[in-house]
Amino acid sequence: MLTHIKMYLILLQTQSATSAAFEIIFMLVGAAAIGIAATYLYSRSIYKKELLKHKAELKESAESLENVQKEVDELKKELSLKNKQFDQLTDDNNKLQEENRKLEKVYEASKSLYVKAVDEVDEVSVKLHEKENELKEKDAILQRIAVRKHLLNYDSFGTANEEDKDDLKMISGVGPFLEEKLNMLDIYTFDQISKFTSKDIETVNDAIEFFPGRIERDAWVSQAIELARNGGEQSELLANIRKRKIKINYDRIGIARKDDADDLSIISGIGGWIQEKLNALDIYTFEQISKFTEEDENSVTEAIEFFPGRIDRDEWVPQAQELVYSGGKKTALFERMKMKKHKIDYAKIGIAHKEDAQDLTEIQGIGPFIQEKLNFLDIYTFGQISKFTPVDVDTVTDIIEFFPGRIERDNWVSQAKELSKQVEING
C-alpha cells in the first residue's frame, strides 16, 4: 500500500515535473513569442518611422535630383550654345587668320610694288634728267647749225620749206636727229639732196657736224634721185625689182607675207626706201635677213641695185639675228650691255662724250651696228680704242657679244692708232 502510495507520489511528482516543464516551456515559448511580437512591433514601428523618414528623404532627394537634372539639362543647353559660339568663334578666328595671311601677302606684294615703284620713279627721274640734258644739248646743236645757213649754196640744190617736206628718213643713213639737222638748214626734200654736188656735200657735212665721207658712203644722192622720182617711176623701179625674185633662194631664207612684216628700218643701214625695195622681193622679216648667207647678200644686193659689200659692212645679218632673239627690239641687248658696262676700265682707255664722237666705222671690221654698241658704252673715239689692252679687248668683246678674236683679227687697235694720228695731223 505504502508502496503504491510511494509510487503514486513518485508518479505525481513525475507528472507535476513534466507539467511544470511544459508550463515552463510554454511560458518560455509564450514569452519568446511575446518578445518576438513585441520586438517585431517595436521594430516595425521604428522601421516604419525610419522608412517614412527615408521615403521623405528619398522623395526630397528625388526632387533635388530632378532639380539637379534640370540644372544639368540647362547647363548642357548652355554648354551646347557655348560650344556653338566657340565653334563660330573658331571659324571666325580661322577666317580672320586667313584674311590676315591674305593681308600679309597683299602687304608684301604692296611693299614689293612700292619698292619697285620707287626704283622705277628713280629710274624715270634719271631718264628724264638725261632726256632733259639731251634735249638741251640737242637744242644747242640745232641752234648752232641754224646759224650756218649762209654757208650753203642754195642756188646749187634749190630751196624748200616745211610745207614741201619729204620723209628724209627714207634715205639709209638719215635718222630722226639727222633729219632735224637738215631741216634746220632748210633742207627738206629728196629733190634738194639729189642735186648735191661734191662741194655741197662738204659744206652740208661740216654744217651738220657729220662724219666726213659718210654722206658719200651712205649714198644719199643716189637714193634721193630714186626717191625724188614721181610715183609712176618709183612703181616701175619696184616692178623691175619684183621681176628679180627668181634670184632669191626662199628655200633658205624662208617665205614671208606683208602681214608678217617687221620694221626693217630698225636695222642700221636700212632706210625706208631700202625697206620698200626689200619688200618688193617679199623680204619682210628680221628672220629672213638673219638667215642670209654671202650668196643671199650678193643676190639681194644685185636685185635692189645696192652697193656691193654694203649688207655685210652694215651688219644686217647680226642685227637681224639679235632682233629675232630679242623679239624685234634692240633694247634687250642694250639692257644686257648696261649690266656689264661697269667692267670697262675708263681710267685706262679714257673718257669721251657724244659730242666727241668720231666715225668708228672707218675702222675695218666696225659697221654701224658695232659702232652703235660701242657708243652705248661711251666709246666714241679712235683714241679710246687705240688704248685697248688684251684685257680691254676681251671685256668689250664679251659686253657687245661679238665674235671672240674678231677685234684682234680685224686689228682694231692698230687701225685706231693710225686714224687717231691722222685726226691730230688734220687738226
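The values are calculated or read from the model by the stated rules, or taken from the named source; none is laboratory data. Computed from a prediction, not measured in an experiment: that's the story for all the values here. Don't worry about glycine lacking a Cβ; one is built from the backbone with ideal geometry, like all the others, and counts go over all protein chains shown.
Results for (1) within 29 Å of the chain's Cα centre (by Cα); (2) within 30 Å of ASN183 (Cα to Cα); (3) surrounded by 10 or more Cβ atoms within 10 Å (Cβ to Cβ), shown as yes or no for each residue.
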site: LYS55; (1), (2), (3): no, no, yes
site: ASN67; (1), (2), (3): no, no, yes
site: VAL72; (1), (2), (3): no, no, yes
site: LYS76; (1), (2), (3): no, no, yes
site: LEU79; (1), (2), (3): no, no, yes
site: GLN88; (1), (2), (3): no, no, yes
site: LEU128; (1), (2), (3): yes, yes, yes
site: GLU137; (1), (2), (3): no, yes, yes
site: ILE141; (1), (2), (3): no, yes, yes
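The rows are residues; the columns are (1) in a helix (DSSP H, G or I); (2) surrounded by 16 or more Cβ atoms within 10 Å (Cβ to Cβ); (3) over 45 Å from the mean Cα position of the chain (by Cα).
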site: GLU179; (1), (2), (3): yes, yes, no
site: ASP191; (1), (2), (3): yes, yes, yes
site: LEU227; (1), (2), (3): yes, yes, no
site: ASP251; (1), (2), (3): yes, no, no
site: ASP259; (1), (2), (3): yes, no, no
site: ASP262; (1), (2), (3): no, yes, no
site: ILE274; (1), (2), (3): yes, yes, no
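Restrict the check to the range 364-374 and report whether at least one residue is among the charged types (D, E, K, R) and over 32 Å from the mean Cα position of the chain (by Cα). No, the conditions are met nowhere in the range 364-374. Considering only residues in the range 277-294 that are in a helix (DSSP H, G or I) and out of contact with any Gly (no Cβ under 8 Å at 6 or more places or on another chain), the one that is surrounded by the fewest Cβ atoms within 10 Å (Cβ to Cβ) turns out to be GLU294.
The set of residues in the range 150-176 being free of Cβ contacts under 8 Å to residues at least 40 places away in the same chain, in a helix (DSSP H, G or I) and either in contact with a Leu (Cβ under 9 Å, 6 or more places away or on another chain) or of a type in the set (D, E, K, R) (or both) consists of ASP155, GLU162, GLU163, ASP164, LEU168. Every condition in (1) under 30 Å from ALA146 (Cβ atoms); (2) part of a helix (DSSP H, G or I); (3) at pLDDT below 95; (4) not polar (S, T, N, Q) is met by GLU233 except one, and the failing one is (1). Within the range 143-159, the set of residues being surrounded by 13 or more Cβ atoms within 10 Å (Cβ to Cβ) and of a type in the set (A, V, I, L, M) comprises ILE145, ALA146, LEU152. Note on the range 312-353: enclosed helices (runs of 4 or more DSSP H) holding 2 or more residues that are at pLDDT below 90 are 316-325, 331-340. Selection within the range 354-378: residues that are of a type in the set (A, V, I, L, M, F, W, C) and outside any helix (DSSP H, G or I). The member of this set that is nearest to ALA416 (Cα to Cα) is ILE363.
Exactly one residue among ILE248, ILE304 is touching a Lys or Arg at 6+ places or on another chain (Cβ under 7 Å) and among the β-branched types (Val, Ile, Thr), and that residue is ILE304. The single condition from (1) under 18 Å from ARG214 (Cβ atoms); (2) touching a residue at least 40 places away in the same chain (Cβ under 8 Å) that ILE407 fails is (1).
One residue stands out among those in the range 160-173 that are within 24 Å of LYS199 (Cβ to Cβ) and of a type outside the set (Gly, Ala, Ser): the one that is surrounded by the most Cβ atoms within 10 Å (Cβ to Cβ), which is ILE171. Among the residues of the range 295-311, the ones that are part of a loop (DSSP other than H, G, I, E, B) and not small (Gly, Ala, Ser) come to 5 in all.
I'd like to check something: does the range 398-413 contain any residue that is in contact with a Pro (Cβ under 9 Å, 6 or more places away or on another chain), part of a helix (DSSP H, G or I) and more than 26 Å from GLU355 (Cβ to Cβ)? Yes, the range 398-413 has at least one match. Given the criteria farther than 28 Å from ILE289 by Cα and over 40 Å from the mean Cα position of the chain (by Cα), does GLU202 qualify? Yes: the conditions hold for GLU202.
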